[in-house]
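Structure, as structure tokens:
Here, each number is a calculation from the coordinates, and none is a lab measurement. If you're wondering where the values come from, they're calculated on a predicted model, not measured in any experiment. Note: ideal-geometry Cβ built from the backbone for every residue, glycine included; neighbour counts use all protein chains shown.
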Amino acid sequence: MPLNKLSFDYPSVNTLRLKLSGEWQIRAGLPSASEVFAQLGEHKEIAQVVLDVSKIEKWDSGLVSFLLNLIKECGHRDIQVDRQDLPQGVGKLLALALKANTENIPHKIEKEYFLEKVADRFLQLCAGALSVVNFLGEIAFAFGRLLSGRAYFRQDEFIGIVQRCGVDAWGLVSLISVLVGMILAFIGAIQLKIFGAQIYIANIVGIAMVRVMGAVMTGIIMSGRTGASFAAELGLMQVNEEIDAFKTLGISPVEFLVIPRVLALVIMMPLLTLYADFMGILGGFIISVKFLGLNPVEYWRHTQSAVHLSNLWVGLIHSFVFGIIVAVAGCFRGINCVKSAEGVGAATTSAVVSAITSIVVATAIITLICQVLGV
């Protein structure tokens, strides 16, 4: 006696009753759906197929596959399939399989002309610029509410973000700043040694670190460390629809999530920059004294005479701008990421790239402005 059985019945001229009985499992050797297709080919007048599965004893994915092929073929022939009497599990699996197969997958890539590509790219850039402007406007509005005491966010979370942006980053900032100071000292020594003016290494390291390099290196470090973290956190919240939940509850995601992060970086970036300046000067001091044989007292005197207060203020302005750039880039990419794991990864990468690129551009602009103003 076969483990599974497939039989046909014709209650009416345009109806085929398909009776399934026994065990419909892969190990039992399932019948081919071609038998049903043959019946449909012989009886062109059939407009409906009724499934009778009341006598099925056991089933697995083999039954689902058989019915899926049958439903697809009937769909091509404009034949209706009555699935009302199917077991609940079979019905759910079929619904999921049919839903997956209804997605239109392009098999041929249409040719796109050059001008169309340029136009599409231009429209994408315009839409991206508009979304950035809208996001900056929301941040400005939220800061206005913060100054008026109406913005709402958790203070304990803000303190935690400040710690992550500040104290937790000191180790990496220390290492990079010391190494940058050492590199500047070695580079300066190559040329100054020709003229016997190695003592001016103190001027080069001090001015470079305090005016630009300390802020730039700190900004790049925070872009890869904190900006990426912001993008990943907010991106995961977007995937889990937590941001949509905030909007449903009437809580502004910009006030609750973005403002604490921007404020934390704006506060900590100048402090980290001052620390990076000191560590960079210390790195140059170590190289100059230990390897180049310079007098430590003279080195510090030259550093103090070379680094003016204006250089310090220029560096702090850099750090303030970089803090805003890193925080806004990370939060913007995170909140606007695609709701998928790939989207979170793309948002994180885009946040780092956007922040570093913007830092370089901002550095050039600020340097040009300082040059014009004679600062």
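Computed from point charges on the beta carbon alone (+1 for Lys and Arg, -1 for Asp and Glu), the dipole magnitude for the chain about its Cα centre is near 920 Debye. Simple spin-label estimate for PHE186 and LYS92 gives 6.4 nm between the two label positions (7 Å along the Cα-to-Cβ direction from each Cα). For segment 237-341, GluC sites (Glu not before Pro) meeting the loop criterion (DSSP other than H, G, I, E, B) and having at most 14 other Cβ atoms within 10 Å: GLU241. Computed extension length for ALA38-SER148: 31.9 nm, one decimal, from 0.36 nm per residue of separation with the Cα-Cα distance subtracted.
Per-residue 3J(HN,Hα) values for segment 304-311, derived from phi via the Karplus relation 6.51 cos²θ - 1.76 cosθ + 1.60 with θ = phi - 60°, read 5, 6, 7, 8, 8, 5, 5, 4 Hz in sequence order (x marks Gly and Pro). Summing +1 for each Lys or Arg and -1 for each Asp or Glu among the other residues whose beta-carbon sits under 13 angstrom from that of PRO253 gives -4.
Using a Gaussian network model of the chain in which every pair of alpha carbons under 10 angstrom is joined by a spring, one finds that among CYS337, CYS126, CYS74 the greatest mean-square fluctuation is at CYS74.
For CYS126 and LEU373, the difference between the fully extended length at 0.36 nm per residue and the C-alpha to C-alpha distance is 85.6 nm.
Any of LYS72/LYS339; LYS5/LYS72; LYS55/LYS99; LYS99/LYS247; LYS44/LYS92 with alpha carbons more than 24 Å apart? Name them for me. Beyond 24 Å between Cα atoms: LYS72/LYS339; LYS55/LYS99; LYS99/LYS247; LYS44/LYS92. Taking amide hydrogens as placed 1.01 Å from N in the peptide plane, the amide H of ARG17 sits under 5 Å from those of ASP9, TYR10, VAL50, each at least 5 positions away in sequence or on another chain. The helix-only estimate of mean residue ellipticity at 222 nm for the chain, built from DSSP H runs of length n ≥ 4 each weighted as -39500 (n - 2.57), is -22000 deg cm²/dmol after division by the residue total.
Only one residue of SER7, GLY91, SER34 has its Cα farthest out toward the positive end of the dipole of segment 4-101, where Lys and Arg carry +1 and Asp and Glu -1 on Cβ, and that residue is GLY91. In this structure the amide hydrogen of GLN80, modeled in the peptide plane, comes within under 5 Å of the amide hydrogens of GLN48, VAL49, none closer than 5 places in sequence on its chain. Can you give the local net charge around ALA202? Use residues other than it whose beta-carbon is closer than 12 angstrom to its beta-carbon, Lys and Arg +1, Asp and Glu -1. Summing Lys and Arg as +1 and Asp and Glu as -1 gives 0.
With each label modelled as a point 7 angstrom along the Cα→C-beta vector, the ASN134-LYS117 pair spans 2.9 nm.
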